[in-house]
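Report on one structure; see the data block that follows.
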Amino acid sequence: MELKDVQVELDGYACRLGLVLFEAVELKESPPGLLDEISQLVNDYVARGVEMPEKFVSGIRDTLRQGGFKPSGRNRPASEYLLRDLAESGEFHFVNNLVDINNLLSLRHFLPMSVVDTGKFSGEVHLRLGYEKERYVFNPSGQELDLTGLVVVADSYGGASKAMGSPIKDSQFAKLADDTTSALAVVYGCPKLVNELHMEQILGEWADLTRKFAGADGTQTRVVTTE
């Protein structure tokens, strides 16, 4: 899989997306160094009572509305959910090193992010809007997310395109598992919130943290901007 081969089908949809592909990763519990970084951010946010800045709330929601999706209630962006959960519980919910890096950077930059298992892909990465009435299961209980009009990262193969992740919730099928060895991270933003240099810096943080705490190798990055 090469990020230069990403298929982008977002004409008329203004967004700025960041992609990081990790060819080799080791999925495990977050090591002490990563735990320290997370604890520093959590302690700072809890002490200051940090809330999602309004420009990020409105900016991301306005971006996701472009295709007709309604990003509110249970469908609010993942970054909003993470910060609200932290504010209410005062705790960071640890999962594994890659998911923890994803959530750390989402909290740090106030942007929704995905991290999916590329071992579950049969073809190339496809960035598009969800088809009419397209859905996927997002948790072990079988609950589904309606993807209609929502920007998604999908697997394009043999003329088909299967949604794998989104700025709301990722597909249960594509989530990281014990046998994950390669992964794709997606940062969902828009030009008025994050310029290209800032997005490249976020992708650099993704790459650095994953090399340091997940043994990532063969890292590729790409910024995709559409209008």
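Just to verify a result, which residue in region 153-164, among those that are closer than 24 Å to residue 216 by Cβ and touching a Leu at 6+ places or on another chain (Cβ under 8 Å), is surrounded by the fewest Cβ atoms within 10 Å (Cβ to Cβ)? The residue in question is 153.
Scanning region 152-170 for residues that are of a type outside the set (S, T, N, Q), in contact with a strand residue (DSSP E or B) (Cβ under 6 Å, 6 or more places away or on another chain) and not in a loop (DSSP other than H, G, I, E, B) gives 152, 153, 154, 155, 162, 163, 164, 165. Every condition in (1) touching a residue at least 40 places away in the same chain (Cβ under 8 Å); (2) within 19 Å of residue 34 (Cα to Cα) is met by residue 204 except one, and the failing one is (1). Only one of the numbered conditions (1) surrounded by 16 or more Cβ atoms within 10 Å (Cβ to Cβ); (2) within 30 Å of residue 24 (Cα to Cα); (3) without any contact (Cβ under 8 Å) to a residue 40 or more places away in the chain is violated by residue 78, and that is (3). For region 1-34, enumerate the residues that are more than 24 Å from residue 199 (Cα to Cα) and buried (at least 16 other Cβ atoms within 10 Å of the Cβ). 27, 30, listed by residue number.
Determine, yes or no, whether residue 100 is under 28 Å from residue 150 (Cβ atoms), assigned to a helix (DSSP H, G or I) and among the charged types (D, E, K, R). In short, yes.
In region 126-138, the qualifying residues are those that are surrounded by 12 or more Cβ atoms within 10 Å (Cβ to Cβ), of a type outside the set (Ser, Thr, Tyr) and in a loop (DSSP other than H, G, I, E, B), and the one that is farthest from the chain's Cα centre (by Cα) is 134. Residues in region 137-171 that are in contact with a His (Cβ under 7 Å, 6 or more places away or on another chain) and in contact (Cβ under 8 Å) with a residue 60 or more places away in the chain: 156 alone. Within region 35-74, the set of residues being more than 15 Å from residue 102 (Cα to Cα), within 18 Å of the chain's Cα centre (by Cα) and either among the acidic types (Asp, Glu) or surrounded by 16 or more Cβ atoms within 10 Å (Cβ to Cβ) (or both) comprises 52, 56, 57, 59, 60, 61, 62, 63, 64, 69, 71. Among residues of region 201-218 being of a type in the set (Gly, Ala, Ser) and part of a helix (DSSP H, G or I), the one that is surrounded by the fewest Cβ atoms within 10 Å (Cβ to Cβ) is 204.
All conditions but one from (1) within 21 Å of residue 8 (Cα to Cα); (2) in contact (Cβ under 8 Å) with a residue 40 or more places away in the chain apply to residue 134; the one that does not is (2). In this structure, residue 95 does not satisfy being at pLDDT 95 or above and either assigned to a helix (DSSP H, G or I) or surrounded by 17 or more Cβ atoms within 10 Å (Cβ to Cβ) (or both).
The values are calculated or read from the model by the stated rules, or taken from the named source; none is laboratory data. This one's a predicted model, so the numbers in the text were calculated from it and none came from an experiment. Please note: Cβ atoms are built from the backbone with ideal geometry, for glycine as well, and neighbour counts cover all protein chains shown.
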